[in-house]
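First comes the structure, then the notes that go with it.
The values are calculated or read from the model by the stated rules, or taken from the named source; none is laboratory data. Owing to the predicted nature of the structure, the values given are computational and were not obtained by experimental measurement. Protein only, heavy atoms only, side chains kept; ligands, DNA and RNA dropped before computing areas. Shrake-Rupley method; radii C 1.70, N 1.55, O 1.52, S 1.80 Å.
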Amino acid sequence: MKLYVVIAFLCMVAATWGKPAATYTDKWDNLNVEEILESQRLLKGYVDCLMDRGRCTPDAKTLKETMPDALEHDCSKCTEKQKEKSDKVIRHLVNKNPDYWKELATKYDPNNIYQQKYKDKIESAKKNP
């Protein structure tokens, strides 16, 4: 399967070991995010992995491990393509899969910290589906 379902919410990234990298790997920069978002099967697979209720592909596992860092640090290690794709994922989830958005927010942002931190981005996504 492919990466990026939730990126971001966020940001698709790869985990790094040792000294932190300036940016996450660009391995998935050319991934066709639209293909994943348009396929309920692929999207559900990523969400299930992120929610600990399904098997994780290696890519989904990497996303799951890296997403908290990307959320906490404002995607500062994301490449420009990753940021663009993250915005697409956010717009899609907020507007077309709000149940997934709520589930993921409940798990990865139980104290509503990131919902507040990224409030403008979320509101913009709602206005510009």
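Which value, in Å², gives the accessible area per residue of the stretch 65-129 when a 1.4 Å probe is used on the protein heavy atoms?
60 Å²
Output wanted: per-residue J couplings in Hz (rounded whole) for the stretch 42-51, from phi through Karplus 6.51 cos²θ - 1.76 cosθ + 1.60, θ = phi - 60°, x for Gly and Pro.
5, 4, 4, x, 5, 5, 4, 4, 4, 8
First compute the accessible area of the stretch 29-129 with a 1.4 Å probe, then give the percent of it belonging to carbon and sulfur atoms.
Summing carbon and sulfur atoms, their accessible area is 48 percent of the total for the stretch 29-129.
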